[in-house]
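Okay, structure first, notes after.
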Amino acid sequence: MNKALYNGVKIKVIRSLKRKKTISARLVGEVLELRVPRFLPLFKVNYYAALFAKKFAKKESKRSDSFLQKRARLLSGKYLKKRLPGYEIAWSSRQTKIFGICNKKTKSIKISARLKRAPSWVIDYVVLHELAHLLYSGHGKDFWGAVTKYPKTDLAKVFLRGVAFGKA
């Protein structure tokens with residue numbers, strides 16, 4: 001088992017006697033686990049490490065603050081139809097119990113970084129939910145009227161309940 005760093009991505013190489021041809025990679029926390037055949041030459045391991053690190057870095061960039069801002073603009077225009085006050089939206093690594101929070105006073109929205117690896121339709125739901133709080137206080141009739149325009153609202157709520165249950 002080797003550990004390496006490629007363009008800021010921590011890589012853990014796991015060599016297996018059972019593997020003959022296949023190579024796989026998965027993200028475990030902040031570490032990219034690369035599983036390779038035991039006798040794969042080092043130059044090929046380095047090649048695949050670079051390839052998968054680049055692939056995962058590209059995927060991660062889709063989950064930047066600018067990604068959230070673009071999604072928020074798109075979702076507010078499509079589902080809320082009202083002019084939103086100027087606001088900021090960003091990922092937060094400090095949120096461990098909630099998925100998103102909106103502060104109407106400072107006009108800021110924080111989305112839990114735990115959702116970075118969630119499906120995009122779940123992130124869209126949470127973003128829309130928090131955007132709706134800029135217009136409506138609480139979870140009243142008008143609030144849910146706006147949020148439920150998003151077609152995957154119920155599915156996203158079930159997904160988030162499952163995530164919360166698994167965390168408990």
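Coordinate-derived values only; no laboratory data. Predicted, not measured: the structure shown is a model, and the values here were computed from it. Positions of Cβ are generated from backbone atoms using ideal geometry, with glycine treated the same way; all protein chains shown enter the neighbour counts.
Taking 7 Å steps out from each Cα toward its Cβ at Ser93 and Lys10 produces label points 1.1 nm apart.
What is the gain in length, in nm to one decimal, between Ser108 and Ser137 on full extension, counting 0.36 nm per residue of separation less the C-alpha to C-alpha distance? If you can, show how the numbers build up before the last one.
Numbers: separation 29, 0.36 × 29 = 10.44 nm, distance 1.42 nm.
Extending this stretch completely gives an extra 9.0 nm.
The aspartates and glutamates within cross-link reach of Lys58, meaning a Cα-to-Cα straight distance under 16 Å and a gap of 8 or more places when in the same chain, are Glu30. Here the chain carries DSSP beta bridges of which approximately 55% are antiparallel, counting only pairs with both residues inside.
How big is the charge dipole of the stretch 77-168 about its Cα centre, in debye rounded to the nearest 20, if each Lys and Arg gets +1 on its Cβ and each Asp and Glu gets -1 on its Cβ?
Roughly 120 debye for the stretch 77-168.
Across the stretch 81-92, rounded Karplus estimates of 3J(HN,Hα) from the backbone phi angles (6.51 cos²θ - 1.76 cosθ + 1.60, θ = phi - 60°) give 6, 9, 6, 8, x, x, 8, 10, 9, 7, 6, 9 Hz, Gly and Pro being marked x. With R₀ set to 30 Å, the beta-carbon distance separating Lys157 from Lys78 gives a calculated FRET efficiency near 0.95. Once divided by 2.2 N^0.38 Å, the Cα radius of gyration of the stretch 65-167 becomes 0.98.
Of Ser108, Leu155, Leu84, which is farthest on the positive side of the dipole of the chain, counting Cα position, with +1 on Lys and Arg Cβ, -1 on Asp and Glu Cβ, and the Cα centre as origin? Ranked along the dipole, the leading option is Leu155. Each Lys and Arg Cβ is given +1 and each Asp and Glu Cβ -1; about its Cα centre, the stretch 1-158 then shows a dipole of about 640 debye. For Ala50 and Ala164, the FRET efficiency from 1/(1 + (r/R0)^6), where r spans their Cβ atoms and R0 equals 41 Å, is about 0.65. Each of Lys20 and Trp144 was given a label point 7 Å from its Cα along the Cα-to-Cβ line. The distance between the two points is 5.7 nm. Ordering of 69-79, 105-115, 84-94 by packing is 105-115, 69-79, 84-94, highest average first (other Cβ atoms within 10 Å, averaged per residue).
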